[in-house]
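What follows is one structure encoded as structure tokens, with my remarks underneath.
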Amino acid sequence: MRYLPHSAHERADMLGTIGAANVEALFSAVPNSALKSFTLDLPAHSPEFLVEAHMRALANKNHAAGNGPFFVGAGAYRHHIPATVDHLIQRSEWLTAYTPYQPEISQGTLQMLFEFQTQVAKITGMDVANASLYDGSTGTAEAVLMARRITRKNRVLLSGGLHPHYRDVVKAYLKDDPDLVCLSPSPEGQGDILEQIDGNTAAIVIQTPDFYGHLRNLKAAADAAHAFGALLIVVVTEVVSLGLLEAPGALGADIVVCEGQSIGNALNFGGPYLGLMACKKEYIRQMPGRLCGETVDADGNRGFVLTLSTREQHIRREKATSNICTNSGLCALAFSIHMALLGEAGFVRLARLNHANAIKLADALASVTGVSVLNKTFFNEMTIRTGKPADQVVEALARKGILAGVPASRLLPNDPDVENLIILAATELTTESDIAALTAALSEVLA
Amino acid sequence: MSMNTQGRPTGVGTASTGASGSALLPDEPLLFEIGDTEHSGVDLPDVEITNGRLGGFERKTKLDLAGLTEPEAMRHYVRLSRLNHSIDSGMYPLGSCTMKHNPRLNEKTARLPGFSDIHPLQPVSTVQGALELMNELSHWLMTLTNTAAVALSPKAGAHGELLGMMAIKAAQDAKGESHRNVVLVPESAHGTNPATAAFLGYTVKPVPAKADGTVDVEAVKTAIAPDVAAIMLTNPNTCGLFEPQVIEIAKAIHDAGAYFYCDGANFNAIMGVVRPGDLGIDAMHINLHKTFSTPHGGGGPGAGPVVLSEALAPFAPVPFVRKGAQGLELVEHVENQALGRVTAFHGQMGMYVRALTYMLSHGADGLAQAAEDAVLNANYVKARLQHLFSVPFPDYPTMHEALFNDSFLKDTGVTTLDFAKALIDEGFHPMTMYFPLVVHGAMLIEPTESESKQTLDRFCDVMAELATEAKSGNAARFTGAPMKAPRRRLDETRAARQPILKWERAAEMPKAAE
């Protein structure tokens, strides 16, 4: 047991100092019936090389995305992560630090969070951002609750273009609430939400690019929402798109929530990811999660601390804005380092590359017999309709070593209209030969 | 004009003039003060897009986003990192937070492309190893807790709490008992407990603790009424004590038709030694990132799977793994499932890999030994310091953390906060202060199992020396602390009163006469 530092002799010494006959005496508060009253049917400790071999064997049973052509998106995206990012986040002082409760010896984490908040505010075009949330989906649910607190109204409209998992999380957080209106998915891209706003509406939630890849008109949505005193919550699942698309803040968004995974964070089978949340400054005190702020120390030097904690559960308990008591610190660090490496020039180039490859993909797909591309607009993701059930098509392509996208039916199993729809994404990592392999295989499968 | 807090205009680097910088620990300017919009540390081709499909939604405003070249970024983040205390650089006796050794094998396995480079929505047939891993982790968690089901997906402890309480609510709704709208929460609970209950619309009813620091079953019985839905109890509790009447409390709650939510934040004290299922819990979250060692990363990410009793198992959310004809299946939808989903995708896979790696390394025997050593270490610290520090609840052995209060500082002019800051100058991260709230001037110390006797002795020597010095009247050593940290005491009131939450570009400064 290489992680435990005591020898038997030291343990005996320590028990002597405590004045306990044995370690069981330290568990005297545990009812007898419950203390070591069982044998665990689990393996005993194992040397490092055997544990590593076991984990490697499990990993090898998975088809890693880098092993072949890959077009899977729908809320998580495969981008290149510079080697510097992963190297830096593994430095001990980042990796094994805790919540910066003692700011004098946590300035690294705190300054990083301040820089991260600045970066998020800039790319979303908003006044302020927090120090990250669990992910985009839970962030969306928190944004809905936040909008209700701000407006003191209850009705919330979720666009049909919102990622179905995000919709489900909001529904779980607002269980059985009749004031939550979930509009039907709209694969063809028509907006349906604006006519439904009324004076009781707290917020409308619009994703752009939406679940099917269509870009949504945020300016029109903001104007329509504001006319009724409602807030516009904008959800972005592909944060790279903000390198090319107008910032939601410049178009009138009140709260912006993004999944930040695309920058600096690997796919990881769905987690850990990081939620970005930004808002107008008048709403700061209703914002959930951690905030880092600038201040001075006793010598007058600039320093950083966690701040406005009177919103938080450890102070306000049942009156807190949220029960959240953590953030995605290390993922935020990865995001911030990658974003610092990109800078404005790199971020814009990355977004252009994604869009350029997506155009090639869309044009190639449109040329395949039996395939129609539904999108007139898109960033790096699009939806196609084929003549066969999408799950069967995707499975057949997987057998050929091509991970071809997500059947919409996987996320919307009860919707017969989406049975033949596949959502595909291209990123900077998509090559022309990947696209050629996909279209050739797709032609075969659809023939 | 925008000025920074040193009275210098922002946008001017502070490294060369920062008074508190020293040769090997210089002040580090903000990245916006060293980078600019032209610099980039990533080589990407600049493609021409002639037939764009953005539909007129192109960005017209500038981002004003600073970039760094690769060597600049390397230095910036290495220098910043050195301003952090971390478990790899020193002891972190932060009570209620479990900062223990983070094995690098965990990092290595989590980065295997078969785990890190797989997409949550790629075909299930291509991720059988990932499902096997989730299944194996579930088996470990259910076996260690003796429970019927586990929901892996919550993203953190507080998220797990939320899910556990949602399951309780769903179970009660299914029984037609939606009138139950009160949750009992002991006063010693984490702040997340009342926040979670309130989040779900419950009224929080506090339960007082006995003078010995534990919850009295009689007080619970008195608080029980027909409208009580559940109790949220932390065990071992936040005073570091195992609740001796936990089985009776569970029975009283169940007899009243309510459920027992256990906050499992402190499971590391009893893993392999006590199974929470044997105590009568209905739901309990487990902080994988504390109990099973995944890195804390400056406060996250975490992972908070919830184990569920048979009564609550039908209310587990999606997704979950089950055996099917074609191998393992990932169940992502259940018709009329009461709870649905609490996060996109399948939860914190990266944490699952780390936790399972840690479990296999320790084995069932090693986890039990780790719990015993954590308890041994906490009792050792308590034994070594109790003659100088006051122990508020001396009746029971402490579990994995030792609780003192600050009554020894009375009339010294030194506050608990001062005392904690003085520890920084001695090279230790301070203990948790002013928590739990039930103890006035609380000082909560959690050494964990990964600290050696030698380190504990040095820590206890320093604590004793500081206590003696405070009592001897040398308040200046404390009120001026820390003296040797990268920053002196920071003004938190100012940060809250005049929030500065992002860097702003300074307005053009008038040029000084040259």
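The values are calculated or read from the model by the stated rules, or taken from the named source; none is laboratory data. Only a predicted model underlies this, so the values are computations on that prediction, with no experimental measurement involved. All Cβ positions, glycine included, derive from the backbone under ideal geometry; neighbour counts span all protein chains shown. For the accessible areas, the whole protein counts, side chains as well, though only heavy atoms, and no ligand, DNA or RNA atoms are used. Shrake-Rupley method; radii C 1.70, N 1.55, O 1.52, S 1.80 Å.
Conditions tested, residue by residue: (1) within 17 Å of B:Asp282 (Cβ to Cβ); (2) in contact with a His (Cβ under 9 Å, 6 or more places away or on another chain); (3) open to solvent by less than 10 Å² (accessible area, probe 1.4 Å); (4) of a type in the set (Asp, Glu).
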residue: B:Ala197; (1), (2), (3), (4): yes, no, yes, no
residue: B:Val204; (1), (2), (3), (4): no, no, no, no
residue: B:Ala211; (1), (2), (3), (4): no, no, no, no
residue: B:Val215; (1), (2), (3), (4): yes, no, yes, no
residue: B:Thr222; (1), (2), (3), (4): no, no, no, no
residue: B:Pro226; (1), (2), (3), (4): no, yes, no, no
residue: B:Leu233; (1), (2), (3), (4): yes, no, yes, no
residue: B:Glu243; (1), (2), (3), (4): yes, no, yes, yes
residue: B:Ala250; (1), (2), (3), (4): yes, no, yes, no
Kindly evaluate B:His429 against the criterion of being crowded, with 17+ Cβ neighbours inside 10 Å and over 30 Å from A:Ser336 (Cβ atoms). no
So, first residue open to solvent by 20 Å² or more (accessible area, probe 1.4 Å) in region A:383-402, second residue small (Gly, Ala, Ser) and assigned to a helix (DSSP H, G or I), Cβ within less than 8 Å, six or more apart or across chains; the pairs are A:Pro389/A:Ser409; A:Asp391/A:Ser409; A:Glu395/B:Ser125; A:Lys400/A:Ala441
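Is it the case that A:Val371 is more than 12 Å from chain B (Cβ to nearest Cβ), surrounded by 18 or more Cβ atoms within 10 Å (Cβ to Cβ) and more than 29 Å from A:Ile263 (Cα to Cα)?
Values: more than 12 Å from chain B (Cβ to nearest Cβ): yes; surrounded by 18 or more Cβ atoms within 10 Å (Cβ to Cβ): yes; more than 29 Å from A:Ile263 (Cα to Cα): yes.
Judged against the criteria, A:Val371 is a match.
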Of (1) of a type in the set (Ser, Thr, Tyr); (2) facing another protein chain (nearest Cβ under 8 Å); (3) open to solvent by 20 Å² or more (accessible area, probe 1.4 Å); (4) in contact with a helix residue (DSSP H, G or I) (Cβ under 6 Å, 6 or more places away or on another chain), B:Thr412 satisfies every one except (2)
Check your understanding: Hey, does region B:377-398 have a residue that's closer than 29 Å to A:Asn327 by Cβ, facing chain A (nearest Cβ under 7 Å) and part of a helix (DSSP H, G or I)?
Key -> no
Residue hits (region A:235-273; at the interface with chain B (Cβ under 10 Å from one of its Cβ atoms) and acidic (Asp, Glu)) are A:Glu246, A:Glu259
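Considering only helices (runs of 4 or more DSSP H) fully contained in region B:113-229, which possess at least 1 residues that are facing chain A (nearest Cβ under 9 Å) and not acidic (Asp, Glu)? Let's see the steps before the verdict.
Working: elements: B:113-116, B:128-145, B:157-174, B:192-199, B:217-223.
Here the list reads B:113-116, B:128-145, B:157-174, B:192-199.
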Scanning region B:131-151 residue by residue, those under 25 Å from the mean Cα position of the chain (by Cα) and either open to solvent by 10 Å² or more (accessible area, probe 1.4 Å) or within 18 Å of B:Ala344 (Cβ to Cβ) (or both) turn out to be B:Met134, B:Asn135, B:Glu136, B:Ser138, B:His139, B:Met142, B:Thr143, B:Asn146, B:Thr147, B:Ala149, B:Val150, B:Ala151
Residues of region A:248-299 being over 29 Å from A:Ala59 (Cα atoms) and of a type in the set (Asp, Glu), in sequence order, are A:Asp254, A:Glu282, A:Glu294, A:Asp297, A:Asp299
The one condition B:Ala265 fails out of (1) assigned to a strand (DSSP E or B); (2) under 22 Å from the mean Cα position of the chain (by Cα); (3) aliphatic (A, V, I, L, M) is (1)
Note on region A:47-68: residues open to solvent by 30 Å² or more (accessible area, probe 1.4 Å) and either more than 7 Å from chain B (Cβ to nearest Cβ) or under 20 Å from B:Met271 (Cα atoms) (or both) are A:Pro47, A:Phe49, A:Leu50, A:Ala53, A:Ala57, A:Asn67
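To keep it simple, each residue is scored yes or no on (1) part of a strand (DSSP E or B); (2) more than 7 Å from chain B (Cβ to nearest Cβ); (3) of a type in the set (Ser, Thr, Tyr).
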site	(1), (2), (3)
A:Phe304	yes, yes, no
A:Arg316	no, yes, no
A:Thr321	no, yes, yes
A:Cys331	no, no, no
A:Arg349	no, no, no
A:Leu365	no, yes, no
A:Phe378	no, no, no
A:Val393	no, yes, no
Of (1) within 14 Å of chain B (Cβ to nearest Cβ); (2) in contact with a Phe, Trp or Tyr (Cβ under 9 Å, 6 or more places away or on another chain); (3) surrounded by fewer than 22 Cβ atoms within 10 Å (Cβ to Cβ), A:Gly213 satisfies every one except (3)
ask   = Going by the structure shown, is B:Pro301 open to solvent by 10 Å² or more (accessible area, probe 1.4 Å), touching a residue at least 40 places away in the same chain (Cβ under 8 Å), in a loop (DSSP other than H, G, I, E, B) and within 13 Å of chain A (Cβ to nearest Cβ)?
value = no
Counting only residues that are in a loop (DSSP other than H, G, I, E, B) and either facing chain B (nearest Cβ under 8 Å) or open to solvent by 10 Å² or more (accessible area, probe 1.4 Å) (or both), region A:274-302 contains a total of 8
Filtering region B:306-318 for residues that are surrounded by 24 or more Cβ atoms within 10 Å (Cβ to Cβ) and within 12 Å of chain A (Cβ to nearest Cβ) leaves a count of 2
Within region B:158-186, the count of residues that are more than 18 Å from B:Val204 (Cβ to Cβ), open to solvent by less than 10 Å² (accessible area, probe 1.4 Å) and not aliphatic (A, V, I, L, M) comes to 2
Over region B:37-95, the set of residues open to solvent by 10 Å² or more (accessible area, probe 1.4 Å) and in a strand (DSSP E or B) is B:Glu58, B:Asn84
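I'm trying to understand the selection: among the residues of region A:69-108, which are among the hydroxyl-bearing types (Ser, Thr, Tyr) and more than 7 Å from every other protein chain (Cβ to nearest Cβ)? Outline the logic, then answer.
Step one: of region A:69-108, the residues among the hydroxyl-bearing types (Ser, Thr, Tyr) are A:77, A:84, A:92, A:96, A:98-99, A:101, A:106.
Selection gives A:Tyr77, A:Tyr101.
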Among strands (runs of 3 or more DSSP E) entirely inside region A:145-217, those with 2 or more residues being touching a residue at least 60 places away in the same chain (Cβ under 8 Å) and closer than 17 Å to A:Met277 by Cβ are A:201-207
Those residues of region A:395-425 which are in a loop (DSSP other than H, G, I, E, B) and either within 19 Å of B:Thr126 (Cα to Cα) or more than 12 Å from chain B (Cβ to nearest Cβ) (or both) amount to A:Lys400, A:Gly401, A:Ile402, A:Ala404, A:Gly405, A:Glu419, A:Asn420
Within region B:436-450, of all residues that are hydrophobic (A, V, I, L, M, F, W, C) and either surrounded by fewer than 22 Cβ atoms within 10 Å (Cβ to Cβ) or over 14 Å from B:His190 (Cβ atoms) (or both), the one nearest to the other protein chains (Cβ to nearest Cβ) is B:Leu437
Matching residues in region B:344-373 (facing chain A (nearest Cβ under 7 Å), in contact with a His (Cβ under 9 Å, 6 or more places away or on another chain) and of a type outside the set (S, T, N, Q)) number 11
Scanning region B:320-343 residue by residue, those in contact (Cβ under 8 Å) with a residue 40 or more places away in the chain and facing chain A (nearest Cβ under 9 Å) turn out to be B:Ala338, B:Leu339, B:Arg341, B:Val342, B:Thr343
